[in-house]
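Peer 1: Next up is a structure, given as structure tokens.
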Amino acid sequence: MKMTDPIADFLTRLRNAIMANHKVVEIPASNVKKEMTKILKDKGYILNYKFEDDGLQGKIKIALKYHPESKIPAIKDLKRVSKPGLRKYCGATELPRVLNGLGIAILSTSQGVMTDKEARQKHVGGEVLCFVY
């Protein structure tokens, strides 16, 4: 069975693991998902990740981050913006701000996958993949 939206599947698996209070989630790998995982680690939304090569497409193991005492997850919400049926593109001047700068938007640009802040600095636009906060 062919998956029509692998990025939505990535976000849904993360969302479901967080709601079930899992420590680790395993996701089928792709280059875009690997870049999104690196961004989530750099911005402090996940503890760690590991890329495993199983001969086929590989897997990404993500260790989710929770507050030590209250057990509240670091990721409050994940929203898919650009979908296969309706792509959302933004120019360099109209990049979105998530929760007035408290969250991040992950974009796919001509210079690679990056956050909205990095895209503003490099003055590039692209497809808005998702919002994370």
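The values are calculated or read from the model by the stated rules, or taken from the named source; none is laboratory data. On a predicted model such as this, the values are computed, not experimentally measured, just so you know. Note that each Cβ is placed from the backbone with ideal geometry, even for glycine, and that neighbours are counted across all protein chains shown. Please note that ligands, DNA and RNA were not included when accessible areas were found on the heavy atoms of the full protein model with its side chains. Shrake-Rupley method; radii C 1.70, N 1.55, O 1.52, S 1.80 Å.
Peer 1: In Å², what does the accessible area per residue of region 9-130 work out to with a 1.4 Å probe?
Peer 2: Per-residue value: 58 Å².
Peer 1: Something else: So what are the ³J(HN,Hα) numbers for region 38-43, from phi and the Karplus equation (6.51, -1.76, 1.60; θ = phi - 60°), rounded to whole Hz, Gly and Pro as x?
Peer 2: Per-residue couplings from phi come out as 4, 5, 4, 5, 4, 8 Hz.
Peer 1: Just grab the label-to-label distance for residue 31 and residue 133, each label 7 Å out from Cα along the Cβ direction, in nm (one decimal).
Peer 2: 3.2
Peer 1: Considering the values (1) 2, 10, 20, 23, 20, 14, 8, 3, 0; (2) 2, 11, 18, 17, 13, 11, 9, 8, 6, 3, 2, 1, 0; (3) 2, 9, 14, 18, 16, 14, 11, 8, 5, 3, 1, 0, which represents P(r) over Cα pairs in 5 Å bins from 0, in percent as calculated for the structure under consideration?
Peer 2: Computing P(r) over Cα pairs in 5 Å bins from 0, in percent and matching it to (1) 2, 10, 20, 23, 20, 14, 8, 3, 0; (2) 2, 11, 18, 17, 13, 11, 9, 8, 6, 3, 2, 1, 0; (3) 2, 9, 14, 18, 16, 14, 11, 8, 5, 3, 1, 0 gives (1).
Peer 1: What are the ³J(HN,Hα) couplings of region 95-103, residue after residue, when phi is run through the Karplus curve with 6.51, -1.76, 1.60 and θ = phi - 60°? Round to Hz, x for glycine and proline.
Peer 2: 5, x, 10, 8, 6, 6, x, 7, x
Peer 1: Given a 1.4 Å probe and every protein chain left where it sits, what share in percent of the accessible area of region 1-72 is carbon and sulfur?
Peer 2: 53
Peer 1: Stretch residue 9-residue 99 to full length: gain in nm at 0.36 nm per residue minus the Cα-Cα span?
Peer 2: 30.0 nm
Peer 1: Next question. Once R0 is set to 35 Å, what does the formula 1/(1 + (r/R0)^6) return for the Cβ-Cβ distance between residue 24 and residue 92, expressed as a FRET efficiency to the nearest 0.05?
Peer 2: After rounding, the FRET efficiency stands at 0.40.
Peer 1: Another question, then. Under 17 Å Cα to Cα from residue 61, which lysines show up? Leave out anything in the same chain fewer than 8 places away.
Peer 2: 23, 33, 34, 38, 41, 50
Peer 1: Measuring from label point to label point, each 7 Å out along Cα→Cβ, what is the residue 41 to residue 110 span in nm?
Peer 2: In this crude label model, residue 41 to residue 110 measures out at 2.9 nm.
Peer 1: Report the extension gain between residue 77 and residue 57 in nm, rounded to one decimal, defined as 0.36 nm multiplied by the number of residues separating them, less their alpha carbon distance.
Peer 2: Between residue 77 and residue 57, full extension yields 4.5 nm more.
Peer 1: Anyone know which of 47, 99, 86 comes out most mobile in the 10 Å Cα GNM of the chain?
Peer 2: Answer for the Gaussian network model of the chain: 86.
Peer 1: Take the Cα radius of gyration of region 1-70 and divide it by 2.2 N^0.38 Å, with N its residue count; two decimals is plenty.
Peer 2: 1.11
Peer 1: State to the nearest 20 debye the size of the charge dipole of the chain about its Cα centre, where the only charges are +1 on K and R beta carbons and -1 on D and E beta carbons.
Peer 2: So the magnitude is around 200 debye.
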